[in-house]
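Reviewing the structure listed below.
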Amino acid sequence: MDRITVSATIRDTAHVTAEDYRRLYEESLNDPEEFWAHQKERIHWFTSPQKIKNTSFSGDVSIKWFEDGILNASYNCIDRHLPEKENQIALIWEGDDPADDASVTYGDLLLHVSRMANLLKSIGVKKGDRVTLYMPMILEASYAMLACARIGAIHSVIFGGFSPEAIAGRLDDCQSDFIITANEGVRGGKVVPLKANVDRALDILEESYGKSVKKVVVVYHTETETACDPDRDVNYNAVIGTLEDTCPAEPMNAEDPLFILYTSGSTGKPKGVLHTTGGYMVWASMTHEYVFDYKPGEIYWCTADVGWITGHSYILYGPLANGATSLMFEGVPNYPSSSRFWQVVDKHKVNIFYTAPTAIRALMREGDGPVKATDRSSLRILGSVGEPINPEAWSWYHRVVGEERCPIVDTWWQTETGGILISPLPGATDLKPGSATKPLFGVQPALVDAEGHFLEGATEGNLVMVDSWPGQMRTIYGDHERFKQTYFSTYEGLYFTGDGCRRDEEGYYWITGRVDDVINVSGHRMGTAEVESALVAHEQVSEAAVVGYPHDIKGQGIYAYVTCVEGCTPDEALLKQLIQWVRSEIGPIASPDFIQFTPALPKTRSGKIMRRILRKIAENEYKNLGDTSTLADPAVVDSLIDNRLNR
Ligand code: WTA
């Protein structure tokens with residue numbers, strides 16, 4: 001199957017047809033001022049911007065969009081849809097337990113968010129303050145995000161799977177004085193002790209950074225009691241009913257920060273990616289409407305967690321800016337059974353479904369039965385995000401889940417890009433399994449070689465962006481120098497994505513994966529350096545090198561090579577300890593699949609670890625190691641091969 005043409009049924013009602021796409025794409029590059037002056041109208045501005053684009057990828061790198069506009073993101077997601085949509089459902093919540101669900105109308109949402117906003121004000125949160133969220137997938141997580149936006153506080157959401165150590169580092173990095181959490185989360189029938197993790201994180205914050213926070217708001221989601229510091233902790237459930245029902249939406253400048261979201265890079269600790277208000281909202285709204293061809297009244301479900309950018313842009317801000325009905329799911333794809341996704345689709349009559357390749361591959365392994373046991377006739381559009389989707393998984397998703405009726409939008413983007421940059425549009429783009437296809441409006445991808453020369457035509461290279469788009473990150477919180485260094489110094493004047501990519505004769509883009517030291521495990525981004533520094537922090541470890549290797553379900557797995565300190569004989573117990581150690585330093589998502597103990601790592605004579613060799617051995621491709629002549633001690637390699645673990 002190499003090409004699936006646009007279906008007439010989809011095309012006839014689509015927001016964007018093939019002709020529209022060509023015309024508008026050209027317009028967006030030839031006259032960005034005009035194009036975005038028009039697109040900004042999809043957002044409600046208290047003061048409409050006169051200035052549209054003011055961006056530079058050179059020198060100090062400065063990115064400003066709609067810079068004299070005044071707006072509020074929460075107002076855009078709620079108030080402006082009233083009164084026509086006061087009784088329309090804004091959010092559907094589906095619990096981990098299939099018996100649990102709930103929904104809130106736009107009218108309800110205004111009430112909940114206003115009360116939460118008043119709660120934040122009452123504990124001292126002010127405009128510009130950073131509020132850290134460590135939440136399960138419950139409605140209160142979205143109230144909390146929108147409440148921050150409402151009063152101009154900057155939210156920093158930390159995925160519920162991160163460890164106390166990781167929370168402490170992020171609290172310190174953005175100097176956050178406030179936390180919103182829940183007593184517990186529940187996923188796949190298992191309890192996640194969120195509040196206990198926060199308490200531990202606050203001990204670490206004190207011990208390692210000499211800091212503390214002012215207040216911790218705790219939502220009681222389960223019946224379990226948790227420890228409570230009466231001076232610091234606030235019981236959300238107990239106080240929320242006593243707060244005022246209304247709260248004005250703070251007028252924010254388009255370039256005022258909306259949120260920080262930490263993500264991994266190839267070096268150092270996670271970076272606080274900063275997104276601002278105006279451009280992000282325009283981008284989230286436009287891409288949600290066009291990429292998913294969203295129509296009023298449709299039920300839309302993105303299975304991501306709000307702890308990731310996909311949850312920010314495509315559960316919350318994009319859909320709600322468009323007055324959509326967005327579904328939020330607390331659970332996992334295979335609990336209580338592998339039919340769960342499709343049962344939820346049937347239960348809520350979902351029209352648009354957006355998930356990750358890793359979930360598709362895991363479900364594909366269970367066979368067609370669990371899918372075919374369900375109806376799914378409500379589905380119209382399917383989406384994929386987070387990592388390259390292999391053509392087999394793509395075809396299964398298309399054939400079995402969508403019964404060849406639903407176009408698949410394979411959406412390429414990053415935490416840094418704020419929203420989707422490369423994707424098919426359902427009514428405009430012929431599909432090729434495994435290709436993210438074409439750039440969206442205003443997006444100018446290019447491929448360059450290692451020296452930064454532009455490559456033309458059908459070719460393969462490193463993916464860069466030539467110019468800015470409104471949803472782009474503005475800086476790394478508190479470290480603009482690192483922002484320039486990370487994204488704009490590899491190729492002068494260009495935004496470097498870190499991804500490798502192929503372009504075919506028709507100008508279709510095929511993302512091949514990261515070309516830097518970032519690995520993508522089940523769609524979760526991780527720096528190999530992060531896992532290495534966690535490992536070497538263990539007292540028995542003297543050196544560690546971490547690489548990714550292809551994994552059937554997860555996309556990539558984590559393979560660690562570890563050298564122990566003198567006098568330590570590694571054994572099964574140490575292996576278990578190290579895995580546990582990494583889980584507690586970063587989180588379960590960083591657990592190594594393999595740890596190979598080795599007396600030495602392959603290094604060049606100048607002492608540089610040859611990761612290329614380690615990658616090959618982890619991939620079980622040891623017969624083809626390439627040039628090893630610069631190695632200080634070639635014997636190291638033979639011993640690594642003999643003891644390799646991924647056979
Ligand atoms: C990868 C997630 C291929 C890519 C939204 C990127 C993809 C990184 C795709 C960003 C896709 C994301 N096809 N690769 N459709 N979508 N990626 O910041 O390597 O968690 O650089 O953002 O995921 O991961 P992040």
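Where a number appears in this text, it was derived from the coordinates with a stated rule and is not lab data. Because the structure is predicted, anything quoted here is derived from the model rather than measured. Cβ coordinates were reconstructed from backbone atoms using ideal geometry, including for glycine residues, and neighbour counts include every protein chain displayed.
Positive contributions from Lys and Arg (+1) and negative ones from Asp and Glu (-1), summed over other residues with Cβ under 12 Å from the Cβ of GLY402, come out at +2.
Considered as an equivalent ellipsoid built on the Cα gyration tensor, the range 520-635 has semi-axes of 22, 19, 12 Å, the largest given first. How big is the gap, in Å, between the Cα center of the range 561-632 and the Cα center of the range 433-450? Centre-to-centre (Cα) distance: 34 Å.
Listed peptides 489-498, 94-103 appear in the order 489-498, 94-103 once ranked by packing, highest mean of other Cβ atoms within 10 Å at the front. Charging the Cβ of each Asp and Glu at -1 and of each Lys and Arg at +1, and nothing else, the dipole of the range 37-172 about its Cα centre rounds to 820 debye. The separation of the range 171-206 from the range 314-355, counted between C-alpha centres, amounts to 26 Å.
When you filter the GluC sites (Glu not before Pro) in the range 530-598 for DSSP loop state and at most 16 other Cβ atoms inside 10 Å of their Cβ, you are left with GLU539, GLU566. Contact order, relative form, for the range 303-452: 18 percent (alpha carbon pairs under 8 Å, 6 or more residues apart, mean separation divided by residue count). Entry note, the range 486-543: relative contact order of 17 percent, from Cα contacts under 8 Å with a spacing of 6+ residues. Tell me the GluC sites (Glu not before Pro) within the range 363-469 that lie in a loop according to DSSP and have at most 14 other beta-carbon atoms within 10 Å. Of the GluC sites (Glu not before Pro), the ones in loops of the range 363-469 whose Cβ has at most 14 other Cβ atoms within 10 Å are GLU366, GLU403, GLU404, GLU451, GLU456. Length gained on full extension, SER122 to ASP172, computed as 0.36 nm times the residue gap minus the Cα-Cα distance: 15.7 nm. With a Förster radius of 41 Å applied to the C-beta separation of LEU645 and ALA373, the computed FRET efficiency comes to 0.60. Taking the helices alone, the chain has a mean residue ellipticity at 222 nm of -8000 deg cm²/dmol, built from -39,500 (n - 2.57) per DSSP H run of at least 4 residues and averaged over all its residues.
For TYR236, TYR280, the sequence from fewest to most other C-beta atoms within 10 Å is TYR236, TYR280. Most simply put, the chain has about 60% antiparallel DSSP beta bridges, counting only bridges with both residues inside it. Computed over neighbours whose Cβ is under 14 Å from that of GLY626, the net charge equals +2, Lys and Arg +1, Asp and Glu -1.
Work out, in µm²/s and without decimals, the Stokes-Einstein translational diffusion coefficient of the range 276-375 at 4 °C, 1.567 mPa s, Rh from Kirkwood over C-alpha pairs. Result for D is 91 µm²/s. Most tightly packed first, judged by the mean number of other beta-carbon atoms within 10 Å of their residues, the peptides 394-401, 141-148 read 141-148, 394-401. Model label sites at GLU244 and ASN334, defined 7 Å from Cα along the beta-carbon direction, differ in position by 5.0 nm.
Here the calculated FRET efficiency for GLU392 and SER58, from their Cβ-Cβ distance with R0 = 56 Å, stands at 0.85, rounded to the nearest 0.05. Taking Cα centre as origin and charging only the Cβ of basic (Lys, Arg, +1) and acidic (Asp, Glu, -1) residues, the dipole magnitude of the range 175-315 rounds to 480 debye. Can you check what the net charge comes to around GLY107, using other residues whose Cβ is under 14 Å from the Cβ of GLY107 (Lys, Arg +1; Asp, Glu -1)? Neighbour charge sum, excluding GLY107 itself: -2.
Based on alpha-carbon atoms, the Kirkwood radius and the radius of gyration of the chain give Rg/Rh equal to 0.95.
Counting only Cβ charges, +1 for Lys and Arg and -1 for Asp and Glu, the dipole size of the range 428-535 around its Cα centre is about 380 debye. By the Cβ distance rule of under 4.7 Å, the chain has these cysteines without a partner: CYS77, CYS148, CYS174, CYS228, CYS247, CYS302, CYS406, CYS501. Taking only the C-alpha atoms of the range 335-425, the Rg (one decimal) and the largest Cα-Cα distance, Dmax (whole number), read 13.0, 39 Å. When the chain is described by a simple charge dipole with +1 on each Lys and Arg Cβ and -1 on each Asp and Glu Cβ, the residue from SER584, CYS148, TYR549 located farthest towards its positive end is TYR549.
One decimal place: the segment THR17-HIS44 gains 7.1 nm when fully extended, by the rule 0.36 nm per residue minus the C-alpha distance. You can think of it this way: the chain between PHE454 and ASP231 has 74.4 nm of extra reach, that is 0.36 nm per residue less the Cα-Cα gap.
Note on the range 189-250: dipole from Cβ charges, positive end direction compared against PRO193, TYR220, ALA249; the farthest Cα belongs to PRO193.
Distance between the 7 Å Cα→Cβ label points at ARG365 and LEU82: 4.7 nm. Taking the fewest neighbouring Cβ atoms within 10 Å as the starting point, the ordered list for MET465, MET286, MET281 is MET465, MET286, MET281. The GluC sites (Glu not before Pro) of the range 215-303 that DSSP puts in a loop, and whose beta carbon has at most 15 other beta carbons within 10 Å, are GLU223, GLU225, GLU244. Working from label points 7 Å from Cα in the Cα-to-Cβ sense, the THR630 to ASP430 distance is 4.4 nm.
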